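Participant: The following block contains the structure, expressed as structure tokens.
The values are calculated or read from the model by the stated rules, or taken from the named source; none is laboratory data. For clarity, every value in this text was computed on a predicted model and none was experimentally measured. Positions of Cβ are backbone-derived with ideal geometry, glycine not excepted, and every protein chain shown enters the neighbour counts. The area values use the complete protein model at the heavy-atom level, side chains included, leaving out ligands, DNA and RNA. Shrake-Rupley method; radii C 1.70, N 1.55, O 1.52, S 1.80 Å.
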Amino acid sequence: MAMTELVSVIIPVYNAAEFVKASVESILSQSYHEIEIIIVNDGSTDGSAEKLNSFSDPRIKLFHIQNGGVANALNAALLHATGKYIARQDADDISTPDRIKLLVGFMQAHPQYGLVGGAAKIIDAAGSPKGAISHATSNTKLQYDLLWDSPFVSSATLFRKECLDMTGNFQTGKDLFEDYDMWSKIALYYKIANLPAILLQYRELSTGLSFTTSNSNDRIINQRRKNIAARFPSLEKEIVDGLALSGTARTRISSLAQLKRVYKMIIAHFESEGATTEELAAIRKDLAERMNAFRWMTGENKNALYYPGRILEKLFYPKK
């Protein structure tokens, strides 16, 4: 199949003057040429607007809006997206030259998939390497991982625009992370994947949302509740809450035996979904670690120093 389908790359920008030029240029220089770049300047006050206005490439559609947050900026970009595929890019990250080509190639070869991402190198503000990020690649393992956290590097993702007919746009509230929520909704209707290839230089900054969002733990727990309830609608709300909180002093799971029964149900679900022997082993290992955390936090392990653990845990998960 000829790779001539249009990709809309959406880039929300807020106070990224130091990095945004290199980020946009990494998209302009993609080996895949059928792209439009929709940039939304979300009320930046640091000179980002001037950097963006300096571009003259006809593939760029630039919009300046009042500051409303990243999800609002993403949705503003979607209003102008005309491509078959939507690619995410943050204003301080740098895509590898073949990123879009590889992602589109996967989607064209796998029409049942709605979302695909990839691995990334981590860099600091100066561009120096700090490590790497990689996640599971198979649909079944990613579907499982989404129960607990987001197994995608958002700036390395691409999804079918048709997914939005089922999911709606990015959610704009402050009780969930918009990307984790979107990937979770897509996964309810489509298969999902990660490529093992490095597709991005992910810039890790102390000013990034992952470091500055005050209620990040609660957002993740809220998404867990939503995802678990969607995957296992027969579970009572108390059990869903307990699973979302399991491993913390706030857990509502009444006993280790109850937790084991629910975990067996989760394993049986993914086994029925066609999980491989290796995937089931990874799921069992993860659930075993969660049960150990439950023992430690609640004191069901008689040898655990769980009182100091509870004190530390409450610092990270303060009660409302």
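Participant: Quick check, is Leu176 touching a residue at least 40 places away in the same chain (Cβ under 8 Å) and within 18 Å of Pro12 (Cβ to Cβ)?
Facilitator: yes
Participant: What number of residues within region 141-178 satisfy the criterion of being within 21 Å of Lys101 (Cα to Cα) and part of a helix (DSSP H, G or I)?
Facilitator: Residues meeting the conditions: 6.
Participant: If you don't mind, another one. Contact list please: Cβ distance under 8 Å, first residue in region 110-121 and more than 15 Å from Ser95 (Cα to Cα), second residue open to solvent by 60 Å² or more (accessible area, probe 1.4 Å) and part of a strand (DSSP E or B), pairs at least six apart or on different chains.
Facilitator: His110/Lys191; Gln112/Lys191; Tyr113/Lys191; Gly114/Lys191
Participant: Same structure, new question: When the residues of region 179-219 are narrowed to those that are modelled with pLDDT under 85 and part of a helix (DSSP H, G or I), which ends up surrounded by the most Cβ atoms within 10 Å (Cβ to Cβ)?
Facilitator: Residue satisfying both the conditions and the ranking: Leu209.
Participant: Here's something else I'd like to know. Right, Ala125: in contact (Cβ under 8 Å) with a residue 24 or more places away in the chain and crowded, with 19+ Cβ neighbours inside 10 Å or not?
Facilitator: So Ala125 does not fit the description; no.
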